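One structure is given here, and the rest of the page talks about it.
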Amino acid sequence: QVQLVESGGGLVQSGGSLRLSCAASGIIFSMYAMGWYRQAPGKQRELVASIQSGGSTNYPDFVKGRFTISRDNAKNTVYLQMNSLKPEDTAVYYCNAQAKWGNYWGQGTQVTVSS
């Protein structure tokens with residue numbers, strides 16, 4: 001059974017930092033591209049960061065320079081370091097594992113940034 005378990009969300013003031021973690025089980029973690037997505041109320045889910053099995057990363061412009069994704073294949077864990085947080089970063093953040101043979105989601109963790 002595949003499980004992706006996010007942690008590290010919470011309430012932070014504008015300008016603050018949070019580090020999200022996603023622990024994976026039931027998959028060969030190193031073979032999956034991992035991503036972080038977010039969904040704010042009334043909005044579509046959007047990509048925040050992704051990291052390929054080889055380590056290459058991708059970020060949309062609205063988080064470039066503020067967010068950093070990393071992975072530890074030995075721990076089957078992907079991280080999202082979020083700095084200089086803004087109120088518009090408030091959303092539920094989801095972990096995603098993607099490969100040709102499967103696509104999996106975590107349950108999400110709430111991030112709230114107060115102004």
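Note on the chain: with neighbouring protein chains present and a 1.4 Å probe, carbon and sulfur make up 46 percent of its accessible heavy-atom surface. Calculated accessible area for the chain comes out at 53 Å² per residue, all protein chains present (probe 1.4 Å; ligands, DNA, RNA ignored). Comparing ALA74, ALA23, PRO41 along the charge dipole axis of the range 15-76, the residue lying farthest to the positive side is PRO41, per the Cβ-charge model. Under 20 Å from a point placed 7 Å out from the Cα of THR112 along the Cα-to-Cβ direction: which residues of the range 57-93 have their backbone N that close? Only 82-93 pass the distance filter. Taking Cα centre as origin and charging only the Cβ of basic (Lys, Arg, +1) and acidic (Asp, Glu, -1) residues, the dipole magnitude of the chain rounds to 80 debye. Straight-distance candidates among the aspartates and glutamates for linking to LYS75, with alpha-carbon spacing under 20 Å and chain neighbours fewer than 8 residues away dropped: GLU6. An ellipsoid equivalent to the chain, defined through the eigenvalues of its Cα gyration tensor, has semi-axes of 23, 14, 13 Å when rounded to whole angstrom and sorted largest first.
Between the beta carbons of GLN52 and SER14, assuming R0 = 41 Å, the FRET efficiency works out to 0.85 to the nearest 0.05.
The values are calculated or read from the model by the stated rules, or taken from the named source; none is laboratory data. Since this is a predicted model, take the numbers as computed values, not measurements. Note that each Cβ is placed from the backbone with ideal geometry, even for glycine, and that neighbours are counted across all protein chains shown. Please note that ligands, DNA and RNA were not included when accessible areas were found on the heavy atoms of the full protein model with its side chains. Shrake-Rupley method; radii C 1.70, N 1.55, O 1.52, S 1.80 Å.
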